[in-house]
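A short write-up of the structure that comes next.
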4 protein chains.
Amino acid sequence: MATSRLISKIKRSDLLEKEQQRSDLGFGTRITNDTTRLINPNGTFNARRENVSFWAWLDIFHRLTVLSWPRFFLVVFAIYFVVNCFFSVLYLFIGVEYLQGIHATTKMEQFWGAFFFSAQTLTTVGYGHVAPVGMVASALSSVESLVGVLGFAIASGLVYGRFSRPIPKILFSRNSLFAPYLDINAWMFRMINESPTELVDVRVEVSITRLETLPDGKRTRKYYPIKLERSQVNFFPLSWTIVHPITEDSPLYGATEESLEESDSEFLIYIRATEETFLQPVHARHSFRYKEIIWGAKFIPMFNSVRTEDIVRVDVQKVHEYEMMPLN
Amino acid sequence: MATSRLISKIKRSDLLEKEQQRSDLGFGTRITNDTTRLINPNGTFNARRENVSFWAWLDIFHRLTVLSWPRFFLVVFAIYFVVNCFFSVLYLFIGVEYLQGIHATTKMEQFWGAFFFSAQTLTTVGYGHVAPVGMVASALSSVESLVGVLGFAIASGLVYGRFSRPIPKILFSRNSLFAPYLDINAWMFRMINESPTELVDVRVEVSITRLETLPDGKRTRKYYPIKLERSQVNFFPLSWTIVHPITEDSPLYGATEESLEESDSEFLIYIRATEETFLQPVHARHSFRYKEIIWGAKFIPMFNSVRTEDIVRVDVQKVHEYEMMPLN
Amino acid sequence: MATSRLISKIKRSDLLEKEQQRSDLGFGTRITNDTTRLINPNGTFNARRENVSFWAWLDIFHRLTVLSWPRFFLVVFAIYFVVNCFFSVLYLFIGVEYLQGIHATTKMEQFWGAFFFSAQTLTTVGYGHVAPVGMVASALSSVESLVGVLGFAIASGLVYGRFSRPIPKILFSRNSLFAPYLDINAWMFRMINESPTELVDVRVEVSITRLETLPDGKRTRKYYPIKLERSQVNFFPLSWTIVHPITEDSPLYGATEESLEESDSEFLIYIRATEETFLQPVHARHSFRYKEIIWGAKFIPMFNSVRTEDIVRVDVQKVHEYEMMPLN
Amino acid sequence: MATSRLISKIKRSDLLEKEQQRSDLGFGTRITNDTTRLINPNGTFNARRENVSFWAWLDIFHRLTVLSWPRFFLVVFAIYFVVNCFFSVLYLFIGVEYLQGIHATTKMEQFWGAFFFSAQTLTTVGYGHVAPVGMVASALSSVESLVGVLGFAIASGLVYGRFSRPIPKILFSRNSLFAPYLDINAWMFRMINESPTELVDVRVEVSITRLETLPDGKRTRKYYPIKLERSQVNFFPLSWTIVHPITEDSPLYGATEESLEESDSEFLIYIRATEETFLQPVHARHSFRYKEIIWGAKFIPMFNSVRTEDIVRVDVQKVHEYEMMPLN
């Protein structure tokens, strides 16, 4: 009795153990349609959350932060225009005669007169050739100038947030390679920091995900973290070739071009580093699908250290360059 | 002699050991009134610190940061109004004749004239149809414009602080379940990230707290961290079901609906992650009391990966959905 | 030969080992004047670096950040005044007739006219009842308005920096106690978070430093980290009593009131936590000298959990309260 | 068969092991021109990435953040001037008669009139003695004031970014020394924090890099992390002498002045700490080449703790001072 109990206990903890080793990175095992890529080339996840509650979906700060600059300025300009329209309609409603200095006859002229007065109030320029008279117009313009000041406080915050956001500009080689490596082969890719901001303490994790057929014939998605020759560098001033030597304990041992395609293999890359201007953490993701692998090739060196010079030079655009070389 | 010393030494370090294992999370063991919840559903602690010194209590920045947006704008507007009143009283005191351009006869008209001049000065609109003349009024208005500029500097800071504050929008399943799990049972709950900002490196810790009766009949509060099938994921693009398998070494081994109620059981959940827009850490807390547990049920899958599509889709609102299923 | 080499190798690495254990926290062993406190009650170091280079000493941002609020506003006001004086002298130099709208006869009136115009330009109020005419005055005022805008950009940054600076408001018990603890004694102190911002993941390190007499009669300062019953809590909503049980391996074993005084003992406390509004790290330091120890006392509970209520209440000001109790 | 497999497996993992130990810090082994320094005295890398894509190269925020203050203000002033010129040309194009209040006859006068009106609009001073009339001029000035407000939002962000950037001001001793240490020798250097901001949790890593001749006669660059007597301090209120004892397992064992020069030796120093004003991480790099080593010297104490005083004083400028002392 006691023995069986003990065994069951061991079994349970085995179970726990095994589950903990299931390094699926958070995608789960049920994504088995083999046309799906898990991580897009730009590093975003190839997944969509639907039916999100309105406020969570809105998240203005996040959206205005990740917008491209031209779109951001367009949005700001549009809001500026709309707010001015809103206030000028209110001024018209009060009566344009309470904005002294506007000499307008048609409705249109009155609107634009009020519109430009509103713009001058919102941005706090306040030339004063048009100015509010009477309680109501004065009160409205004093509210509008507060709105303006707060609005541009928000704009300042957004602009700072956009500027200071830690986005690494890492350039990845277009392809990953299966290359000869010592007396075996290795899978490798190359990357370089394109930004003038240095990256330090760079760590790389690579997982391979593929579909496997279970004994019962069902296909399931499996994940394997793979060992790298080197998974961390202190400094990253030059290029770095990340190498996974295909030893016998590698999940890629014996893999062929066909087997990778058949199993819908994808290499998931996760990079963490610290950027040096503000010492903020930065992350980058990338993935190579089986289609982006070159079999039997090696990267061409990117840097040439001329003896007569006192500085090491690297040509960033060479990161993609490789030459064919038979595998071992 | 030496032996007894050694024994005493061992006893002491045992003592230390034991105390270190007492994972009470910081609540202590004396909270034994069984109507008290330790963590509120919104993640705050169900505790109040009283008799705090005035300045510590005030902590304006914190208070204005955690206020809801409508209240925040109300506070800003109120301060704007009060400061304008204050300055307009000062201008009246100096004499409204030193504000050229105000044509007021009654006291009330004078006050509002001064008030709107003050508003124009504070927001630095400065139309100029009203302008200060003479030493004193000019000096006061130059001080007021400085106050305005600094005030809106503070407002800018607050607005940025509010915007950039890292608040995860994690949606928890309304109930946690006791569900069949392999050939045993498990306690589980489910969660999904509702925000468009991705969360990475998500770690979960779960503790169970309950009242226990000591040999001497006194009731004391105990805390047990519980083991999870998986306590960490790298990425969190989809939902995540957190599972505690009820093996023999689980504090829930043999628990029943009645025993959980009798012992006032509460599951305390603590989540740490990194949000990806600014790579800031985010925390979330949640708790399930015994009342929020469903016995014999399992969650219904939330995502459907249609073969003809190239993206994985998840319906966020399904996070709460479960179906009944007999326990093992 | 080889043996002696090996021995020497062992000796060396012993040496290294020992040095690494010398947990002097960075103060060094030569501070032996026994009237010196290492950490002041407000947490600063009782040390001064002299002869620092001018720019390192200046470090305006740091200085204006740590200034008290009244002083900060005084400095801003003083700078505002001086800059206005500077520009008004320049305007006078150009000729006050180029500022249309100033009707001044005496030099003093001219100065103040220029001064208030300068203030209106610097804060960008720009009423316009005084305005620059001619090339030089216009150019100067356009430069001044740029200076104003940049200046208040700096002020905004400073104000935000001051507000968002992570300062924990931890209230320490006035005294630390030697109290009975189980069947031995313990040294303990108590603390509570006074701020409305919660602290999480609070870790405490305590070292004791004291003067010891070397075999050669020279006195040297030694540092010992001491073991705590509990050195970390996840949450800190209530008070926390930090306890060091005086077991036989404690550096306090056998210590008396006299021995602590004779050896100029000081308990150095270092606290790290995360504040929850912005999830920033916060640090606090504190120290108890031998004079601030009560022998034979224990703390009085601070919180009363009334059965009829659904919230736990703590009286912050009770943190200092203790009652006498004979030691074991 | 199985045995050879096992052996090959071991060989492979050896291989991996060895590669992982190759602590080249990210510089690679091919930089073998011995006139090259890897880390410049100011901490930057002596490497250049060329042919970077335009937008990565530009990275305005980073560039304007690391610029010196005089250059930063020059750039801001230049942008201000150019933007004003741009808008004043537009106003001239619309017709200067639409800016009421400008009494200009020559083209030049018109340009400057428009220029100063533009400056008043951009900084939102808006005196109003010049003001736009008509649709087009009013529209342009309302756009310009928006540009102004956003531009100064950007300036505010930049100024705050520059101010809050964590740059440690660590003063390193001009030379590193080979000094007698106990009964052996040690390599050491000294440093002190010059800034009024305290540094805590300071960690130091030192590597030595040198050219070595491979068995095949080719020269390659090797990197060795070296062990320090102490590599971490909690607090850094005073100076800190970092010591590497030259035991038999040190890569410097048996090194001479000539051998260091011949092998182009460079000591690479990497410091991580936390600054205490904002509790931000700070990094510093430094390097000592063989030319900056003094053989047979020791540092002179920097601090004098006068018995009659209650504070410890350190003279920062003494950090470089040493006296000759024969090596063991």
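What follows is calculated from the coordinates using simple rules that are stated; it is not laboratory data. From a predicted model like this one, the values you see are computed outputs, not experimental measurements. For neighbour counting, all protein chains shown are included, and Cβ atoms are generated from backbone atoms with ideal geometry for every residue, glycine included.
As an exercise, use a Förster radius of 25 Å and the Cβ-Cβ distance of C:ASN42 and C:GLU321 to find the FRET efficiency, rounded to the nearest 0.05.
About 0.65, to the nearest 0.05.
Can you tell me which of C:SER156, C:SER164, C:SER239 moves the most in a GNM of chain C? Springs connect C-alpha atoms under 10 Å apart.
Comparing C:SER156, C:SER164, C:SER239 in a Gaussian network model of chain C, the most mobile one is C:SER156.
Over chain C, what relative contact order in percent results from Cα pairs under 8 Å that are six or more residues apart?
Values: 489 pairs, mean separation 60.2, N = 328.
Result for chain C is 18 percent.
Looking at the axis that maps chain B onto chain A, which chain B residue has the closest Cβ, and how far off is it in Å, rounded to a whole number?
Chain B residue with minimal Cβ-axis distance: B:GLY128, 3.
Kindly give the distances from D:SER53 to its copy-mates, label point to label point, with each label point 7 Å from Cα along Cα→Cβ, as nm values to one decimal ordered shortest first.
Copy-to-copy label distances at D:SER53, shortest first: 3.9, 3.9, 5.5 nm.
Please identify the trypsin sites (Lys or Arg not before Pro) of the stretch D:150-252 that satisfy two criteria: DSSP loop assignment and at most 10 other Cβ atoms within 10 Å. Which are they?
Numbers: sites: D:ARG162, D:LYS169, D:ARG174, D:ARG190, D:ARG203, D:ARG210, D:LYS218, D:ARG219, D:ARG221, D:LYS222, D:LYS227, D:ARG230; in loops: D:LYS169, D:ARG174, D:LYS218, D:LYS227, D:ARG230.
Those satisfying the criteria are D:LYS218.
Grab the DSSP H runs of chain D that are 4 residues or longer, score each as -39,500 (n - 2.57), total them, divide by all residues and round the 222 nm result to the nearest 500 deg cm²/dmol. Intermediate results must be reported in sequence, preceding the final value.
Details: 7 runs with 110 residues, N = 328.
Rounded to the nearest 500, it is -11000 deg cm²/dmol.
Starting at the first residue of the stretch C:295-301, write each ³J(HN,Hα) from the Karplus equation 6.51 cos²θ - 1.76 cosθ + 1.60 with θ = phi - 60°, in whole Hz, x for Gly and Pro.
For the stretch C:295-301, the Karplus-derived couplings read 8, x, 7, 9, 6, 8, x Hz, x marking Gly and Pro.
Amide H to amide H, which residues 5 or more places from A:PHE235 or on other chains are under 5 Å from it, using H placed in the peptide plane?
Here A:ASP201, D:GLY26 satisfy the definition.
If you put a point 7 Å past Cα along the Cβ direction, how far is that point for C:LEU74 from the same point in each other copy, in nm, smallest first?
Ordered by increasing distance: 3.8, 3.8, 5.3 nm.
Please compute the average number of Cβ atoms from other chains found within 10 Å of each residue's Cβ in peptide D:79-86.
That average works out to 1.
Comparing C:ARG37, C:ARG48, C:ARG165, which has the greatest mean-square fluctuation in the GNM of chain C with Cα pairs linked when under 10 Å apart?
In this elastic network of chain C, the residue with the biggest mean-square fluctuation among C:ARG37, C:ARG48, C:ARG165 is C:ARG48.
If exposed means no more than 15 neighbouring beta carbons inside 10 Å and the site is in a DSSP loop, what's the longest run of chain D without any exposed GluC sites (Glu not before Pro)?
D:1-247
List D:ILE300, A:ILE94 from most exposed to least, where exposure is judged by having the fewest other Cβ atoms within 10 Å. List each step's numbers first, then the result.
Numbers: D:ILE300 12, A:ILE94 18.
So the residues, fewest neighbours to most, are D:ILE300, A:ILE94.
May I ask for the distance between the Cα centers of the stretch C:90-162 and the stretch A:155-184, given as a whole number of Å?
If you average the Cα positions of each part, the centres end up 48 Å apart.
Please state the shape class of the protein assembly as shown: rounded when a/c is under 1.5, otherwise prolate if a/b exceeds b/c and oblate if not, all from the C-alpha gyration tensor.
Details: a/c = 1.42, a/b = 1.41, b/c = 1.00.
Rounded is the answer for the protein assembly as shown, as its axis ratio a/c remains below 1.5.
Can you tell me the relative contact order of the stretch B:60-116? Whole percent, Cα pairs under 8 Å, sequence separation 6 or more. The partial results should precede the final answer.
Details: 23 pairs, mean separation 19.3, N = 57.
Averaging sequence separation for qualifying contacts and normalising by length gives 34 percent for the stretch B:60-116.
Would you mind ranking C:HIS129, D:HIS320 by Cβ crowding within 10 Å, fewest neighbours first?
Values: C:HIS129 23, D:HIS320 14.
With the sparsest Cβ surroundings first, the list reads D:HIS320, C:HIS129.
Could you please rank D:LEU38, C:LEU140, placing first whichever residue has the fewest other Cβ atoms within 10 Å of its Cβ? Provide the component values of the computation, followed by the final result.
Details: D:LEU38 22, C:LEU140 19.
Lowest to highest Cβ neighbour count: C:LEU140, D:LEU38.
Let me make sure I get this right: for the stretch C:254-305, a, b and c are the square roots of the gyration tensor eigenvalues over alpha carbons, sorted descending. Under 1.5 in a/c it's rounded, otherwise prolate if a/b > b/c, else oblate. Which is it? Write out the running numbers ahead of the final one.
Values: a/c = 4.74, a/b = 1.59, b/c = 2.97.
In terms of gyration-tensor shape, oblate.
Seen from all sides and averaged, what is the projected area of the convex hull of the Cα atoms in chain A, in nm²?
Details: hull surface 123.0 nm².
Its Cα hull, projected and averaged over all orientations, spans 30.7 nm².
Which residue, A:LEU279, A:LEU177, A:LEU90, tops the fluctuation ranking in a GNM of chain A built on C-alpha contacts under 10 Å?
A:LEU90
What list of ³J(HN,Hα) values in whole Hz, one per residue of the stretch D:183-194 in order, does the Karplus curve 6.51 cos²θ - 1.76 cosθ + 1.60 (θ = phi - 60°) give from phi, with Gly and Pro shown as x?
Calculated HN-Hα couplings, in order: 9, 10, 10, 8, 9, 8, 9, 10, 8, 8, 7, 8 Hz.
Rg/Rh for the stretch B:134-291 to two decimals, with Rh computed the Kirkwood way over all alpha-carbon pairs. Mind showing how you got there, number by number?
Values: Rg = 24.5 Å, Rh = 19.2 Å.
That ratio equals 1.27.
Sorted from shortest, what are the nm distances separating the label point of C:ASN175 from equivalent points in the other copies, each placed 7 Å from Cα along Cα to C-beta?
List, nearest first: 5.6, 5.6, 7.9 nm.
Debye calculation, C-alpha points only, no solvent: report log10 I(q)/I(0) for the stretch C:55-164 at q = 0.20 Å⁻¹, in the same order as the q values.
Here log10 of I(q) over I(0) equals -0.98.
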